[in-house]
Amino acid sequence: MAADGNGAAAAGGDTRAAFAQIYKTLKEELLTDPAFEFTEESHQWIDSMVDYNVLGGKCNRGLSVVDSYKLLKGADTLDKEELFLACTLGWCIEWLQAFFLVLDDIMDDSHTRRGQPCWFRVPQVGFIAVNDGIILRNHISRILRRHFKGKPYYADLLDLFNEVEFKTASGQLLDLITTHEGEKDLTKYNITVHGRIVQYKTAYYSFYLPVACALLLSGKNLDKYGDVENILVEMGTYFQVQDDYLDCYGDPEFIGKIGTDIEDYKCSWLVVQALERADESQKRILFENYGKKDPACVAKVKNLYKELNLEAVFQEYENESYKKLIADIKVQPNIAVQNVLKSFLHKIYKRQK
């Protein structure tokens, strides 16, 4: 029934259009879930809450499931059933992202997300957003059960989402408590600490999860793809370093959010690089101004970054990371897997948002 309901979108051959159409189907199923007796108010709340938080992003993670699945199959097009299942898993990742972001914004006391106020800052929402985050996470289990129960890889899918969620939440914990320690002593921040936070907080769910979903759809055993996992986690680290860079140097109008890493005392790649390169007087500027909400303090930190030429340091890091990742990808024995990894890398290399 699921695939037939989306035949028109699939027949169009436009993956993005099919992806958008399947979102509507999945949301409608959740709004008519027989496990909960909706009131009119709760129905409207979930409807608008899901739209507000799940939509609005670039959907790169979700669409990557479809793209990766096509590359693994060596096919330009998928049949209706294949397209529906790949898009559905893609949306599960977008739901997971929404769950993380709703709660992350509360923890970071953020103001904007994707060019609009964070969900908890919307009037009448406030800390109801905590429960909304929990509901978004539970939606994933409902979607997986409805469309994948009975598939030979169903248990592996559940295990994959649980494992990635655990790693990501643990990475968030590392980020939060490291920031707490950093507020007392900025020298606690170093490249090893930063790498560990990034690996767990971002890399697994943003890079490994979409490819792992596509591998499972293709009937593959994830235990045999440890090297692929390692490359994708490394790619995710590179992606987060780009994010740290864009937080400071990106145009808020263009990237959809106002960077607050300096004010929030974040263990950012930039501050780690600054600490490694600064002399004693420059370190003093960092210690006195990093983590302060005052725009004048933020400006002093940014001036120091300029003085230390961190833009050039980043360009060199980006080029070296790219070369290493390409070398690691080329030694993968499976050409289709190589194509998937190259596709991921080329989507993010030298990105501006």
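The values are calculated or read from the model by the stated rules, or taken from the named source; none is laboratory data. Small disclaimer: the values here were computed from a predicted structure and weren't measured. Please note: Cβ atoms are built from the backbone with ideal geometry, for glycine as well, and neighbour counts cover all protein chains shown. The area values use the complete protein model at the heavy-atom level, side chains included, leaving out ligands, DNA and RNA. Shrake-Rupley method; radii C 1.70, N 1.55, O 1.52, S 1.80 Å.
How much of the accessible area of the stretch 12-150, in percent, comes from carbon and sulfur atoms when a 1.4 Å probe is used? Can you show the working numbers first?
Values: 3380 of 6410 Å².
With neighbouring chains kept in place, the figure for the stretch 12-150 is 53 percent.
Checking the a/c ratio against 1.5 first, then a/b against b/c, what shape does the Cα gyration tensor give for the chain? Before the final figure, lay out each step's value.
Details: a/c = 2.19, a/b = 1.41, b/c = 1.56.
Oblate, because a/c is 1.5 or more while a/b does not exceed b/c.
Within the stretch 153-352, what whole-number % of the accessible surface is contributed by carbon and sulfur, with the 1.4 Å probe and all protein chains included in the calculation? Show your work: numbers first, answer last.
On the way: 4850 of 9360 Å².
Within the stretch 153-352, the accessible surface is 52 percent carbon and sulfur.
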Report task. Give me the Debye-computed log₁₀ of I(q)/I(0) at q = 0.11, 0.14, 0.20, 0.21 Å⁻¹ for the stretch 59-174, equal point scatterers on Cα only, no solvent, two decimals. Result -> -0.44, -0.68, -1.13, -1.19
Report summary line: Once the dipole of the stretch 12-150 is set up from charges on Cβ (+1 Lys and Arg, -1 Asp and Glu), the residue from the list Leu83, Val102, Ile135 lying farthest towards its positive end is Leu83
Report task. Give the accessible surface of the stretch 12-150 per residue, rounded to a whole number of Å², with probe radius 1.4 Å and ligands, DNA and RNA excluded. Result -> 46 Å²
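Which of rounded, prolate, oblate describes the stretch 153-352, given a ≥ b ≥ c as roots of the alpha-carbon gyration tensor eigenvalues and a/c under 1.5 marking rounded, otherwise prolate only if a/b is larger than b/c? Present the calculation step by step, with values, prior to reporting the outcome.
Values: a/c = 2.43, a/b = 1.83, b/c = 1.33.
Cα axes put the stretch 153-352 in the prolate bin.
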Query raised in the report: Using Cα atoms only, what is the angle between the long axis of helix 154-184 and the major principal axis of the chain, expressed in degrees (0 to 90) to the nearest 10?
Result: 20 degrees
Query - C-alpha long axis of helix 40-54 to longest principal axis of the chain, angle in ° - result: 60 degrees
Report summary line: With +1 on the Cβ of every Lys and Arg and -1 on the Cβ of every Asp and Glu, the dipole magnitude of the chain about its Cα centre, in debye rounded to the nearest 20, is 660 debye
Report task. For the chain, find the longest principal axis of its Cα atoms and tell me its angle to the long axis of helix 335-348, 0 to 90°, nearest 10. Result -> 50 degrees
Query raised in the report: Which pairs, out of Lys188/Lys293; Lys188/Lys347; Lys220/Lys342, put more than 25 Å between their alpha-carbon atoms?
Result: Lys188/Lys347
Query raised in the report: Of Asn162, Asn221, Ile335, whose Cα points farthest to the positive end of the dipole of the chain (charges on the beta-carbon: +1 Lys, Arg; -1 Asp, Glu; origin at the Cα centre)?
Result: Ile335
Query - For the chain, built as a Gaussian network whose Cα springs stay under 10 Å, the top-fluctuating residue of Asp109, Asp261, Asp247 - result: Asp109
Query raised in the report: According to the square roots a ≥ b ≥ c of the eigenvalues of the Cα gyration tensor, what is the shape class of the stretch 173-262, taking rounded for a/c under 1.5, prolate for a/b larger than b/c otherwise, and oblate for the remainder?
Result: oblate
